[in-house]
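The structure appears below as structure tokens.
The values are calculated or read from the model by the stated rules, or taken from the named source; none is laboratory data. Quantities reported herein were computed from a predicted structural model and do not represent experimental measurements. For neighbour counting, all protein chains shown are included, and Cβ atoms are generated from backbone atoms with ideal geometry for every residue, glycine included. We work out accessible area using only protein heavy atoms, side chains counted, and drop any ligands, DNA or RNA first. Shrake-Rupley method; radii C 1.70, N 1.55, O 1.52, S 1.80 Å.
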Amino acid sequence: MPFRSIVTTPEELVRIAAAFEEAWKEIAPEIAPKDAPAERQRLARITIALWSADPKVDLASLAVRRFYEIVSGPRPKVAADRTQKRS
């Protein structure tokens, strides 16, 4: 998994991995099983890039949004937009 190359605190690494898994749970039902490994890698790269750009964002929801923008264009807004920066 690409998270091995991240240099950060153990706590932050846990947060990144948890955001990745949360995003994957939302995306996985729409992915064909044969495509899952490649799409997990794509999501991991997206999650890392988002975190690198701004570690304070809501990684899970932003990663899902970015994933769908890349794969199929913009997706409709979900009920609550959680991409605001954390305090």
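Ignoring ligands, DNA and RNA, how do Thr8, Thr47 rank by accessible area with a 1.4 Å probe, largest first?
Highest to lowest solvent-accessible surface, that is Thr8, Thr47.
Once you charge only the Cβ atoms, +1 for Lys and Arg and -1 for Asp and Glu, what is the size of the charge dipole of the stretch 1-69 about its Cα centre, to the nearest 20 debye?
In debye, rounded to 20, the stretch 1-69 gives about 200.
Under 12 Å from the Cβ of Ala49, count the other residues' Cβ atoms, weight Lys and Arg +1, Asp and Glu -1, and hand me the total.
Residues near Ala49 contribute +2 overall.
When the Karplus curve 6.51 cos²θ - 1.76 cosθ + 1.60 is applied with θ = phi - 60°, which whole-Hz ³J(HN,Hα) does each residue of the stretch 46-52 get, with x for Gly and Pro?
Using θ = phi - 60°, the values come out as 5, 4, 5, 4, 5, 4, 4 Hz.
In whole Hz and in residue order, list the ³J(HN,Hα) couplings for the stretch 26-38 that follow from phi through the Karplus curve 6.51 cos²θ - 1.76 cosθ + 1.60, θ = phi - 60°; x for Gly and Pro.
The phi angles translate into 6, 7, 3, x, 9, 9, 5, x, 5, 8, 4, x, 5 Hz.
What is the extension gain from Ala28 to Glu69, computed as 0.36 nm multiplied by their sequence separation minus the C-alpha to C-alpha distance, in nm to one decimal?
13.2 nm
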